[in-house]
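Reviewing the structure listed below.
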Amino acid sequence: MDVSSITSMREFIRGFQPVSLDILINNAGVLPSKRMMTQEEVEITWATNVRGPYFLTTHLLPKLKSAPVARVIFVSSGGMYPQRLDLEDLDWSKRSFDGVRAYANSKRAMVILNQMFAQKYSDTSIRFHAMHPGWVDTPAVRTSIPTFYRVMKRFLRTPEQGADTIFYLAVAQSPQRKNGAFWFDRQERKLHLLPGTREKIEDRAKLWNLLEKQCK
């Protein structure tokens, strides 16, 4: 399945046979070095990192609700911390493309979506979590941000270390007492560390409405 493509996701959902779904981990992501548009005319970072998780989570809700207890996990990034949600010029047609900034914005949007899903479906047995794995030594880091990788490679985590909190949120009992939280190293963390990065209430509504429109 290509999570940047609504057509591909629809085909997957039509063929997904189980009656219920216990765990959905929205982990697929991209950080391109140049502006790329999907066949559906959406910038690929936004399409993969935000629209895809929104679409999958929304359309798999009936199966998630059918499980006795279900969990949805959004894998974000610490790279979101300097970024305030920006919904202007999402296709980067009016400015020079900045892959790192586009990625950070998408990961900021993801943690906001996590909170909104948790609020919207608080009366269900589904628990929504967002997390960031730290900087992990993966092929994506090596190819997307090579300078960062060369400087920081001896400090990077292994994929197993990066995945630890994802597994914790998926199977441990204690996260069930939380809903809409943001996690790092099995601990709940703040969403904002820097001034000026908080979104307005109307920006949240605009994000949700935009994704509804994009996913029709």
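The values are calculated or read from the model by the stated rules, or taken from the named source; none is laboratory data. Computed from a prediction, not measured in an experiment: that's the story for all the values here. Glycine also receives a Cβ, built like all others from the backbone with ideal geometry; neighbour counts cover every protein chain displayed. Remember, those area values only see protein heavy atoms, side chains included, never the ligands or the DNA or RNA. Shrake-Rupley method; radii C 1.70, N 1.55, O 1.52, S 1.80 Å.
Things to note:
- Å² per residue, accessible surface of the chain at 1.4 Å: 52
- Straight-line cross-link partners of residue 120 among the lysines, defined as a Cα under 16 Å from its Cα and at least 8 positions apart when in the same chain: 65, 178, 206.
- Ordered from highest to lowest accessible area with the whole protein assembly present and a 1.4 Å probe, 12, 128, 167, 97 read as 167, 12, 97, 128.
- Taking 1.306 mPa s as the viscosity and 10 °C as the temperature, the Stokes-Einstein diffusion coefficient of region 27-115 based on its alpha-carbon Kirkwood radius rounds to 115 µm²/s.
- Note on the chain: with charges restricted to the Cβ of Lys and Arg (+1) and Asp and Glu (-1), its dipole about the Cα centre is near 380 debye.
- Accessible surface of residue 120, taken over heavy atoms with a 1.4 Å probe and every protein chain present, rounds to 110 Å².
- Counting protein heavy atoms only, region 8-59 has 53 percent of its accessible area on carbon and sulfur, 1.4 angstrom probe.
- Think of the chain as a dipole: +1 on every Lys or Arg Cβ, -1 on every Asp or Glu Cβ, centred on the Cα centre; then among 12, 182, 61, 182 lies furthest on the positive end.
- Spin-label proximity, residue 69 to region 23-46 - amide N less than 20 Å from point 7 Å beyond Cα toward beta carbon: 23-26
- FRET E, pair residue 176, residue 136, Förster distance 30 Å, beta-carbon r, rounded to 0.05: 0.70
- Surface composition of region 157-200: carbon plus sulfur atoms contribute 53% of the solvent-accessible area (1.4 Å probe, protein chains only, all chains present).
- Its Cα centre serving as origin, region 54-174 has a Cβ charge dipole (Lys and Arg +1, Asp and Glu -1) of approximately 160 debye.
- Relative contact order of the chain, defined on C-alpha pairs under 8 angstrom at six or more residues apart (%): 23
- Correct choice for volume of the Cα convex hull per residue in Å³ that was computed from the model, options (1) 131; (2) 107; (3) 207: (1)
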